Every structure is written in structure tokens, then in C-alpha cells.
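Before any comments, here is the structure.
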Amino acid sequence: MKELKERIVKEGLVIPPNILKVGSFLNLQVDPVLMEQIGEDFANHFAGKGVTKVVTIESSGIAPALMAAKAMRVPLVILKKKPSKILNSNLYQTEVTSFTTQTSYELTLSAEYINENDHVLIIDDFLADGEAATGAIRLMRMAHATVAGIGILIEKSFQPGHDKLVAQGFDVYSQARIASMDKKNGVHFVEE
Ligand code: G4P
């Protein structure tokens, strides 16, 4: 997606060895106009897939996922990263270990919002090793929902997440696919 790639080139900061900081428009400050364009791009890409709900992982996935949900006229469901503090038996939970941050968390879905009739579009800001997306897929299975697709803003294609998900048969669409990046030469995108 042209607008997202332009912003990455203009404002992205590469932190060696492989972290891209995009705090100025996505993670710390959010550009709502760009998020709207991102949402419309996802809606166009996944049109005709029968999506009934958009699902994202808190926190940085929420802004683009909300815009996609708005464009598709479906609700947004948020997966939380902390176990519920309130006693609630109506939850699905699965442990996710982040390679980037070397931390684990309990990804949690409130069962009442996803069921066997749902065709879900999972949206997240970054795809690196694919652990977060895989956790979200596990929760959708627990809820007996169908995963209609996976939408990613920034894919680090030099990490295994994309290939792992495609190998399992998922329709993965990443708006910006980074082939390589370093401090000196900046970001290079996968040729498409
Ligand atoms: P994975 O799901 O593909 O395996 O990725 P991983 O666990 O390694 O990512 C953990 C966190 O780090 C996620 O955010 C992810 O968005 C973020 N992340 C991964 N690579 C980059 C990067 O190059 N740049 C930036 N800015 N973030 C990256 P999170 O901890 O869940 O944070 P948030 O969603 O609450 O902001």
C-alpha cells in the first residue's frame, strides 16, 4: 500500500538489528487519515470473503482494525493481553510468547463476541515471527469461528511469520512487506 510505504520511508527509524520504529504515525501517535486509508485498503482486499467481524490484539492493532471494521460495516472484537481480573468463566485464553520482546502473555477472548457463525478478519500492526497471529487463530478455533483472512500493516518478511501462516493455508495480506532494513540504507520492500 503506497501511502503506508511512503510513511515508513519518511518517518520510520531502524533500530538494529531488526526493529522498525513507527511511533510517529502508528504506535505512539496515530495518524487517523492514514488509518482510514489503511482500513479502506483492507476492506477492498477482503471484500467478498464474507467477513462478519474484525479481530485485533490490543493495543496498536486497534486503530487500523477499527477503521477496517468501519469500512466493512462489521464490529471490532479486541483480544486482551492480560487475564481477566474479574471472575468470568466465559473466556478463551492462550499463552503467546513474543520473540521480539522475550515476554509471554495470556491472550484472551470474551467468548460471547465470537461464535461458529463468524468469518473473522484478524488485523495486527506488525508480523514478525507470527506468534501473536497464531495465538489469535488458536482463540478463533476455540470459538469454532472461521478465519477469513489475516491483514497486517507491516510485515518483516525476513522473519518467518508470513511463511508460517501461508503454509497453514491462511490468506495473509500485508500492506508493507519489508525485505531488509538497516540504519545506513534504510528500508527495502519486497518487490511485488
Ligand atoms: P510476532 O507476533 O509476529 O511473533 O511478533 P512479536 O511477538 O515478536 O512482536 C511483539 C511485539 O513487538 C508486538 O507489539 C509487535 O507489534 C511488536 N513488534 C515486532 N516487531 C516490531 C518492529 O519492528 N517495530 C515495532 N515498532 N514493533 C514491533 P506489542 O508488544 O504487542 O505492542 P502493542 O501492540 O501493544 O503496541
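The values are calculated or read from the model by the stated rules, or taken from the named source; none is laboratory data. Since the structure is predicted, the reported quantities are computational estimates derived from the model, not experimental observations. Using ideal geometry, Cβ is built from the backbone for each residue, glycine included, and neighbour counts are taken over all protein chains shown. Note: areas computed on protein heavy atoms with side chains; ligands, DNA, RNA excluded. Shrake-Rupley method; radii C 1.70, N 1.55, O 1.52, S 1.80 Å.
Some points to look at:
- Selected residue (only one of 51, 9, 30 is farther than 24 Å from residue 101 by Cβ and open to solvent by 40 Å² or more (accessible area, probe 1.4 Å)): 9
- Test: residue in segment 162-177 that is closer than 20 Å to residue 62 by Cα and aliphatic (A, V, I, L, M): yes
- Going through (1) in contact with an Asp or Glu (Cβ under 6 Å, 6 or more places away or on another chain); (2) outside any helix (DSSP H, G or I); (3) among the small types (Gly, Ala, Ser) one by one, residue 71 falls short only on (2).
- Check on residue 10, more than 14 Å from the ligand (Cβ to nearest atom), over 27 Å from residue 110 (Cβ atoms) and at pLDDT 95 or above: yes
- Selection status of residue 78, of a type outside the set (D, E, K, R), within 14 Å of the chain's Cα centre (by Cα), modelled with pLDDT of 95 or more and not in a helix (DSSP H, G or I): yes
- Among the residues listed as 93, 102, the single one being more than 24 Å from residue 43 (Cα to Cα), in contact with a strand residue (DSSP E or B) (Cβ under 7 Å, 6 or more places away or on another chain) and not hydroxyl-bearing (Ser, Thr, Tyr): 93
- Check on residue 142, open to solvent by 20 Å² or more (accessible area, probe 1.4 Å) and under 27 Å from residue 5 (Cβ atoms): no
- Test result for residue 39, surrounded by fewer than 16 Cβ atoms within 10 Å (Cβ to Cβ) and touching a residue at least 24 places away in the same chain (Cβ under 8 Å): no
- Flag for residue 171 being acidic (Asp, Glu), farther than 23 Å from residue 30 by Cα and touching a Ser or Thr at 6+ places or on another chain (Cβ under 9 Å): no
- Enumeration of residues in segment 137-173 that are touching a residue at least 60 places away in the same chain (Cβ under 8 Å) and either within 9 Å of the ligand (Cβ to nearest atom) or more than 27 Å from residue 91 (Cβ to Cβ) (or both): 153, 154, 156, 158, 159, 171, 173
- Among residues that are more than 20 Å from residue 72 (Cβ to Cβ), away from the ligand (no atom under 11 Å from the Cβ), assigned to a strand (DSSP E or B) and open to solvent by less than 30 Å² (accessible area, probe 1.4 Å), residue 176 is included.
- Scope segment 96-123; condition open to solvent by less than 20 Å² (accessible area, probe 1.4 Å) and either within 15 Å of the ligand (Cβ to nearest atom) or among the basic types (Lys, Arg) (or both); matching residues: 96, 107, 108, 122, 123
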